[in-house]
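Below is one structure; the comments refer to it alone.
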Amino acid sequence: MKTGSVNGLPRPQTKMAKIGLWGASGSGKTSYLAALYVAVTQNGKWNIGGVDQESVDFLTEKTDTLTQQRRFPDKTEGIQNLSWNVMGETEEVVGGRFRRRVETVPLYFQLDMLDAAGQLFKGTTEEDATDGDILDFNDAGSGSGSGPEELIDQLASCDGIVYLFDPVRENKEGDEFRHVQWALQNIVHRASNEGRLIGRHLPHFLAVCITKLDDPKVFHTAYKRGYLTADPDDPHLFPRVREDKAEDLFRELGNLSPTRSALMVHNAINAAFLPDRVCYFATSSVGFYLARTSSRFRAANFQNVVPHPTQEREYTIRGDIHPINVLEPLLWLGEKTRQR
Ligand SMILES: Nc1nc2c(ncn2[C@@H]2O[C@H](COP(=O)(O)OP(=O)(O)OP(=O)(O)O)[C@@H](O)[C@H]2O)c(=O)[nH]1
Ligand SMILES: [Mg+2]
């Protein structure tokens, strides 16, 4: 991290934060990244740019997919490494003992993100997926550079992890704990071998994101159980879950799933990560629908994702996207890793 001033101007602070995305297949990882450009720019205080051509192309193509083509990105194959500069401002106390003052200083993060096929988080490759076998981890992905072993190596070397939990998928499949336990055990094993454990805990920061808040099942559960609120500063008054309530919602959703496996996920997270290194968010990559004629969210007409009129099991996005808590987990991770 660099501080100080250049020609009287505060010098940008840089921190390289390597962030991994973790989540089951279909949990919404690629859509989350696809919504990032809109999330960053709608915030008004931040901007984002690709560090290399692949990352520039990813942002432009995927933003176009969500906002112009109004569809979701294709299923991910293998592992894609992406690198973006997130540029904004932060407040910092400057000056000596008697002349302390708060100054706004530029803050740049480089986010090295990792987007992988969710299938890999089960310890299976695409070819193995058909017979549903869990691979012997030591044999997995050898030499391919895009197998489960590579993924665990990369996640273990991250400073922070965004873990996406899809309550809709969990309700249907009920296998979230199996996925999480597999990945977690292997990350702990790596960190332990490298002497990186802090006591019995991992050194990583973890942003737990409940995805698809706009989905009717998730939205209605959060609404009926009193988790929703609106930020008075938001001109559209979109519903959101307060940060300090998102963990309770996670447990509540876990309780509702037939296998209750998300409750075990919660316990596993508590066992593996330091309490002050974990934060919960309720997110939606596309957000709620806003009619062209209306400037405010309407609970009677909130669905932004609807079944495709002709293609079975495909979904289409009705209107503009309004990402919810897409940038916030990254800013939290950026801020936390910067403090270290
Ligand atoms: N309602 C709603 N559905 C979403 C959202 N994000 C993703 N989805 C749905 O979830 C599906 C899977 O999303 P992806 O982003 O491809 O999930 P992934 O985790 O990248 O999946 P893999 O690449 O297979 O690992 C999409 O095709 C959408 O149908 C969201 O914010 N809201
Ligand atoms: Mg994907």
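Tabulated results
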read-out: Given charges at beta-carbon only (K, R positive; D, E negative), |dipole| of the chain in Debye; value: 1640
read-out: Computed over the chain, the ratio Rg/Rh where both radii use C-alpha atoms and Rh is Kirkwood; value: 0.97
read-out: Distance histogram in 10 Å bins (all Cα pairs of region 16-77, percent per bin); value: 20, 52, 27, 1
read-out: Under-13-angstrom lysine pairs by C-alpha in the chain, whenever the two are 8 or more apart or on separate chains; value: 8
read-out: Region 12-339 - share of DSSP beta bridges that are antiparallel (%, nearest 5); value: 55
read-out: J(HN,Hα) series, region 63-72, from Karplus relation 6.51 cos²θ - 1.76 cosθ + 1.60, nearest Hz, glycine and proline x; value: 4, 4, 4, 6, 8, 9, 7, 6, 9, 8
read-out: FRET efficiency, LYS217 to ARG242 (Cβ-Cβ, R0 22 Å, nearest 0.05); value: 0.60
read-out: Full-stretch length increase - ARG100, GLU312 - with 0.36 nm per residue and alpha-carbon distance subtracted; value: 70.1 nm
read-out: Kirkwood Rh in Å, taken over all unlike Cα pairs in region 248-314; value: 15.5
read-out: Two-decimal log10 I(q)/I(0) for region 145-269, as the Debye equation yields it once each C-alpha is a single scatterer, q = 0.11, 0.22 Å⁻¹; value: -0.46, -1.25
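Taken together, the values in this text are just the output of simple stated rules run on the coordinates, not laboratory data. Quick caveat, the model's predicted, so the values are computed rather than measured. Don't worry about glycine lacking a Cβ; one is built from the backbone with ideal geometry, like all the others, and counts go over all protein chains shown.
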